[in-house]
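Novice: The following block contains the structure, expressed as structure tokens.
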Amino acid sequence: MDATRTHPEPRLALYVAVWAGLLLIVAAEVGLTYVHLPVGTRLAGLLALACVEAGLGLLYFMHLRFERAILFWSLVPTLLFVLLLLDHLWPDALRLQHLRPPTP
Amino acid sequence: MGSSDVIATPGHGAGAEASPYGIPSRKLAIWLFILADAATFGAILFAYGYLRVGSSDWTRPFAFWPSIANGIAMTVILLTSSLTMIVAVRAAAAGRTAAAVRWLGSSALLGGLFAALHLREWFSMIHEGWRPSTNPLGGSPLFGATFFGITGLHLLHVVGGVVVIAVVAIALRRGRLHAGHVETAGLYWHFVDLVWMFVFPLVYLMNAR
């Protein structure tokens, strides 16, 4: 990212390569789903791949890579902070599992 | 950026000052909308995660055929519509209006196809007895609530996006809108695509049988 000015428009081939890369990541996600893994491991893998997809989408399809750096730093950390704050609910979700009465 | 996208620079009027972002206010506004909407989708996906983790009898109803295969097709269609949108934005910026309108039409058609596949899946599930408050398989009824809620909100964004793209294409052809508007519509459309990148793995793949 450039801190002071926007870049010239990249070649269309770059976007086609990103699109192909995103399709490959989708294929990897589907493959990961049908590999026998613990649920937590599968979730972590799928989330990691989804974050890579989101990053590629933001930087290239949404052009953030070619805008002034201040736009990226104004938007992305703000959203990440909001999502971080939402993470406080997981201990309660795990607690709920232990509140279930035993199945007769 | 279109010819009418004037960014305020020093000396342009008494109250004008340079934009720190170097983009038109229209584009900054859509970015702020995207930020707020991303927080909304983030919140409902976290709520879904909370309910899923907290439920001991969560249902995983999706077989590879037809549900996951349908989801893969929808994902490919939406990603491809983002590529056609990029071509439309580039054509509009280069002043090739007819080409831009054609590529916008392609994006809208792909968006419509995505919505049609989604609705077909919904009707199929409703036919099987799924409702927002009913689980025909006997597990937690919250699956239906979260599935229809999350995918419904996303579908609403897709349908809204198709309408916006169609309106922008028609107005661009008539000369009422310009390349800057195409870029703004494109940013929204890519965001809708980006949200699906989380909905598909979390709502479909994590509930695959």
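Novice: Looking at A:41, A:6, which is the one that is touching an Asp or Glu at 6+ places or on another chain (Cβ under 9 Å), open to solvent by 40 Å² or more (accessible area, probe 1.4 Å) and modelled with pLDDT under 95?
Specialist: Step by step, each of A:41, A:6 is checked, and only A:6 is touching an Asp or Glu at 6+ places or on another chain (Cβ under 9 Å), open to solvent by 40 Å² or more (accessible area, probe 1.4 Å) and modelled with pLDDT under 95.
Novice: If you go through segment B:197-205 one residue at a time, do you hit one that is modelled with pLDDT under 95 and assigned to a helix (DSSP H, G or I)?
Specialist: Within segment B:197-205, none of the residues are modelled with pLDDT under 95 and assigned to a helix (DSSP H, G or I).
Novice: From the list B:156, B:177, pick out the single residue that is within 19 Å of the chain's Cα centre (by Cα), without any contact (Cβ under 8 Å) to a residue 40 or more places away in the chain and open to solvent by 10 Å² or more (accessible area, probe 1.4 Å).
Specialist: B:156
Novice: Same structure again: Looking at (1) open to solvent by less than 30 Å² (accessible area, probe 1.4 Å); (2) assigned to a helix (DSSP H, G or I); (3) in contact with a Ser or Thr (Cβ under 7 Å, 6 or more places away or on another chain), which is the one condition that is false for residue B:139?
Specialist: (2)
Novice: Search segment B:80-102 for residues being among the charged types (D, E, K, R) and more than 8 Å from chain A (Cβ to nearest Cβ), and hand back the single one that is least open to solvent (accessible area, probe 1.4 Å).
Specialist: Ranking the candidates gives B:96 first.
Novice: Under the condition of being open to solvent by less than 30 Å² (accessible area, probe 1.4 Å), assigned to a helix (DSSP H, G or I) and closer than 22 Å to residue B:138 by Cβ, which residue from segment B:28-60 is modelled with the lowest pLDDT?
Specialist: Ranking the candidates gives B:54 first.
Novice: Please go through segment B:61-79 and give me each residue that is facing chain A (nearest Cβ under 10 Å), more than 14 Å from residue B:205 (Cβ to Cβ) and open to solvent by 20 Å² or more (accessible area, probe 1.4 Å), ordered by number.
Specialist: B:76
Novice: Looking only at segment A:68-89, count every residue that is at the interface with chain B (Cβ under 7 Å from one of its Cβ atoms) and more than 14 Å from the chain's Cα centre (by Cα) and tell me the total.
Specialist: Within segment A:68-89, residues that are at the interface with chain B (Cβ under 7 Å from one of its Cβ atoms) and more than 14 Å from the chain's Cα centre (by Cα) number 8.
The values are calculated or read from the model by the stated rules, or taken from the named source; none is laboratory data. Everything quoted here is computed from the prediction, not taken from an experiment. Methodologically, a virtual Cβ is constructed for each residue, glycine included, from the backbone with ideal geometry; neighbour enumeration extends over all protein chains shown. These area figures cover heavy atoms from the full protein model, side chains too; ligands, DNA and RNA do not enter into them. Shrake-Rupley method; radii C 1.70, N 1.55, O 1.52, S 1.80 Å.
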